[in-house]
Amino acid sequence: MAYSTPQSNYPSPRQDPVRDSTASDSGWIQQRHTNWLFQPDEFRQTPSFRDGVPFNNEMMMRSKGISFLALVGMHLQLPQPTLYVAATMFHRFYMRFSIKRHHYYDIGATCIFLSTKVEETNRKLKDIVIACCRVAQKNDKLVIDEQSKEYWRWRDIILFNEELLLEAICFDFAIQSPYNILIHYTRKFIKDDKDRIALTKSAWAFLNDSARTTLCLRYPPKVLAAAALYCASTICHVTVLPEEYGRMWWDEIEVTIGDIKDACNIMADLYESSPSKMGEQKYTRQN
């Protein structure tokens, strides 16, 4: 029995690839291959936006793609840093190609496949394909026949898009995760063990949720780790102190409070736009 997914009317991945006319061959997008950080106004110049996809719609579809990616990762029991690398690849891809022409489920699955190789958390392609089928069908118990059309469709999608993904990210695998940085910060600034555990849990959730936004394209990992720490300290009511008094902790790690609050406010925007889809943690705006 073959199973169909919402994108089953897309062209077969076995067909010859059609180049995305909205992909930039020169200019601001191409210049970013060694610096994957963008200004806010540049997110209104993406290939998707130029392809007629409104900004808010693109952000919503990106978020859906990350949710799909995260669920597949849960099925595969992947560590969070691997999922963060996959999410970063996902967001970078759509700075080069239109989401209107490359479905976010397809690219999300491919990012999972590539990130497991990069992070050396390898999973069999068969297991990734089966996880994608089950998540797409919203059926955790779905039995997938390896000879079914659905199985081979997903397998072909992943292998077909891998080359395109590699091109989009310019074979740049140097993606630093903010999780290790966060652990370093909590050990450095939080001396009470109980407070550190509570704050780390909250800050970790912040980083997990941040993957649904474009924060990984706006700030380097140290800023995201600092924002996670700042947000968690307000949620847990834990005071973050520097090792040397008389200096704020963010000054010690050379991160501005303006960048920290901006990142927190982007998370607040995400929460306000879809509170029912967020976890237990609530994000509020920082003035």
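The values are calculated or read from the model by the stated rules, or taken from the named source; none is laboratory data. This one's a predicted model, so the numbers in the text were calculated from it and none came from an experiment. As a convention, Cβ positions derive from the backbone with ideal geometry for all residues, glycine included, and neighbour counts pool all protein chains shown. For the accessible areas, the whole protein counts, side chains as well, though only heavy atoms, and no ligand, DNA or RNA atoms are used. Shrake-Rupley method; radii C 1.70, N 1.55, O 1.52, S 1.80 Å.
The table for this structure:
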quantity: Number of the exception - E254 against (1) open to solvent by 20 Å² or more (accessible area, probe 1.4 Å); (2) in a helix (DSSP H, G or I); calculated: (2)
quantity: Segment 71-92, residues that are in a helix (DSSP H, G or I) and of a type outside the set (A, V, I, L, M); calculated: G73, H75, Q80, P81, T82, Y84, T88, F90, H91, R92
quantity: Pairs where the first residue, in segment 38-61, is acidic (D, E) and the second is assigned to a helix (DSSP H, G or I), C-beta under 6 Å, 6+ apart; calculated: E58/S48
quantity: Lone unmet requirement of (1) open to solvent by 60 Å² or more (accessible area, probe 1.4 Å); (2) modelled with pLDDT of 90 or more for I260; calculated: (1)
quantity: Matching helices (runs of 4 or more DSSP H) fully within segment 128-242 where at least 3 residues are open to solvent by less than 20 Å² (accessible area, probe 1.4 Å), more than 21 Å from S115 (Cβ to Cβ) and among the hydrophobic types (A, V, I, L, M, F, W, C); calculated: 221-236
quantity: Positions within segment 93-112 being open to solvent by less than 20 Å² (accessible area, probe 1.4 Å) and assigned to a helix (DSSP H, G or I), in sequence order; calculated: F93, D106, I107, G108, A109, T110, C111, I112
